[in-house]
Amino acid sequence: MQPKALDHFTIRPKNIEVTRDFYEKIVKLKVGYRPPFDFPGYWLYIGESPVVHLVGEGAPLNAYFSDHMDLDTKSVLGGGAVDHIAFLCPSEEFEPMKNFLEKDNIDHLHTLVPDLGLRQIFLKDPDGVRIELNYPAS
């Protein structure tokens, strides 16, 4: 069976509140409903879809995926074999986002894709996961 769509990605952050703030403030996702699991976490939404799941301490997955990090030191950053996560953004939001990042001294890189006119902003979340924001040509 072929998948129909990408459902979500999950991050096990060093500091769940700081990471939640990043995805709310920078990527503009909205915290929404999350089932009442017995461990902390957030589901962040684009429209009706919870596309980013943040999983806190005590989650059963942390023990299952123990190769991720030493949970006592939380020393591993980045996305492992995952290079980056990309979001499609409204073209008219490129300049406001670029200005916001520059004003707040948030490290980023902006590029233009030749022939397509696609403007991109690359940055890292608090756990070192690379994020790509794509703004189509207007």
Check: So, in nm, how far is label Phe39 from label Asp83 when the simple model puts each one 7 Å beyond its Cα toward the Cβ?
Finding: 3.0
Check: If you keep only loop residues by DSSP, which GluC sites (Glu not before Pro) in segment 74-138 have at most 11 other Cβ atoms within 10 Å of their Cβ?
Finding: none
Next item on the list: Between Ala137 and Lys28, take the C-beta separation as r, use R0 = 22 Å, and let me know the FRET efficiency to the nearest 0.05.
Entry: 0.60
Checklist line | Around Ser138: net Lys/Arg minus Asp/Glu count, Cβ-Cβ under 13 Å | finding: -2
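Only the coordinates and a few stated rules stand behind these numbers; no lab work does. All values derive from a computational prediction rather than experimental measurement. Please note: Cβ atoms are built from the backbone with ideal geometry, for glycine as well, and neighbour counts cover all protein chains shown.
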